[in-house]
């Protein structure tokens, strides 16, 4: 049959892309536009083989072989079939099991049944060499694609490269059409503009300890504290880094030497109320108000829940900042009491515990827990919550804008 088929080892493709763009093979360091990636693979395959595409097979690992959000989005795309192996943890590292065997079986079966004239392999694993040789013996032309290596060297089996009929390198320019590295120093999207009542806190200088690394912090904090006590009992302050400050950073602004104008008493210095949040006057009243706020689950009907699931699968990309925005949009649209939004707005930047927990559980559905020991890392948590508050800000600003603007 004069058709082409593409077999993709997702672990190789995305791991190599992460190494190229982010400097390490962790897929959590990149954001992938799967629709653009699939379209790019299809166009390149049809161009290289001069054959119409029959199908793209996407091979990946998943815990207990349970499809993750990205797999659910991929398998509803036209001409895409998802095959899942297991994802297991050994010696502190995640490893795929059964993916290579599934690719080998599919490769040989397609060639034996003459389902296509050309097969494109996007992989680097030498275990597929017997399958490649068998496909060639059945008269199939085998194209091997590599992702540009970060160090300019090979990231594929030498025997696999030697056996292929045609070879192609997917370079940085091609990869970046659908894959980008997450930023290290801030949120994965433009940060929200601070409100007037919190602008002073976000722009206030932070303690020097907030700028040190986790390994340097204990020693440097002890030395700095001793020097400060010998001089005037206060800590020297340096300009704040860009990005969203942590609860610890914000709480430090209430320490000795902080001017009252730098921290309005109406501002709550916590992201969420799960533990250790800073008490302030009126805290008991605020806690009662926070407990009265409805969760998204309480506001969502069965029909809306089904529509949400379809939207998550087909249109939500899974970027942490975007996830926070989507959650906030749904929560606001379904509120029946406008006063709830006003109550939440006064709690910025703290998100009430029930809403915050629901937000993080929703984010976990997008694979943000993958390869992270069932934890969402600190950077992603701040990005999720910043996206949530950005959406809240947009809605409240629109409601208070003068008519005609």
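Values quoted throughout were computed directly from the atomic coordinates according to the rules given, and no laboratory measurement underlies them. Just so you know, these numbers come straight off a predicted model, no measurement behind them. Note that each Cβ is placed from the backbone with ideal geometry, even for glycine, and that neighbours are counted across all protein chains shown.
The modelled label-to-label distance between residue 24 and residue 48, using points 7 Å beyond Cα along the C-beta direction, is 3.0 nm. If the chain linking residue 89 and residue 377 were pulled fully straight, counting 0.36 nm for each residue of separation and taking away their Cα-Cα distance, it would gain 101.9 nm. Scaled against 2.2 N^0.38 Å for its residue count N, the alpha carbon radius of gyration of the range 288-344 is 1.22. Contact order, relative form, for the range 13-155: 22 percent (alpha carbon pairs under 8 Å, 6 or more residues apart, mean separation divided by residue count). Extension gain for residue 345 to residue 137 (0.36 nm times residue separation, less C-alpha to C-alpha distance): 68.2 nm.
Packing order of peptides 26-34, 347-355, 302-310, highest average first: 347-355, 26-34, 302-310 (average count of other Cβ atoms within 10 Å over each peptide's residues).
Of interest is the spacing of the C-alpha centroids, which for the range 139-162 and the range 2-24 amounts to 11 Å.
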